[in-house]
């Protein structure tokens with residue numbers, strides 16, 4: 001499914017995800033350690049003084065990056081809903097389309113990468129790889145009934161998002 005058709009499909013969901021993403025980004029200046037699970041190896045490391053690294057994008061590309069982040073956020077929300085309903089195959093399909101390697105939008109992804117610091121690129125790649133792991137675990141959960149692994153992997157994906165938003169901000 002192409003990115004524009006994802007927007008048409010999720011319509012209102014994207015608007016809500018956008019509001020959540022903006023609120024989430026605004027709240028990321030707070031001390032992340034107080035809100036994270038203590039002792040978690042995947043807890044994000046906030047830069048010294050809590051300041052996030054500003055990443056400058058040309059205006060049009062910035063809008064596209066933000067739209068992609070909203071798509072990822074909506075995808076995570078849809079994955080979580082499918083899991084809550086016990087629809088692990090559907091969760092896997094959603095993760096593939098909205099978060100997996102295929103969600104990286106070709107030329108746009110290459111343009112974005114030119115402006116991203118290496119750490120931001122690494123976190124993005126990590127998210128997409130984790131989504132691939134999640135897909136396999138969710139498909140296995142359908143067959144085995146063991147839902148713990150996909151739940152853990154969804155948590156790791158969210159931690160990766162939090163780490164990126166705690167460290168970087170678009171300018």
Next item on the list: Could you work out the relative contact order of the stretch 79-171, using alpha carbon pairs under 8 angstrom and six or more residues apart, expressed as a whole percent?
Entry: 30 percent
Notebook entry, point to check: Spin-label point model (7 Å from Cα, Cβ direction): what's the residue 113 to residue 144 distance in nm?
Noted result: 3.3 nm
Notebook entry, point to check: Under 19 Å from a point 7 Å along the Cα-to-Cβ line of residue 61: which residues of the stretch 78-115 have their amide N that close?
Noted result: 104-115
Checklist line | Pairs of Cα atoms farther than 19 Å apart, the stretch 64-171, % | finding: 40 percent
Item checked: Sorted by Cβ density within 10 Å, fewest first, the residues 116, 83 -> 116, 83
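Can you sort 57, 134 from fewest to most other Cβ atoms within 10 Å of each residue's own Cβ?
Ordered by Cβ neighbours within 10 Å, fewest first: 57, 134.
Read the figures in this text as sums done on the coordinates, not as results from a lab. Quick caveat: nothing in here was measured; it's all calculated off a predicted structure. Please note: Cβ atoms are built from the backbone with ideal geometry, for glycine as well, and neighbour counts cover all protein chains shown.
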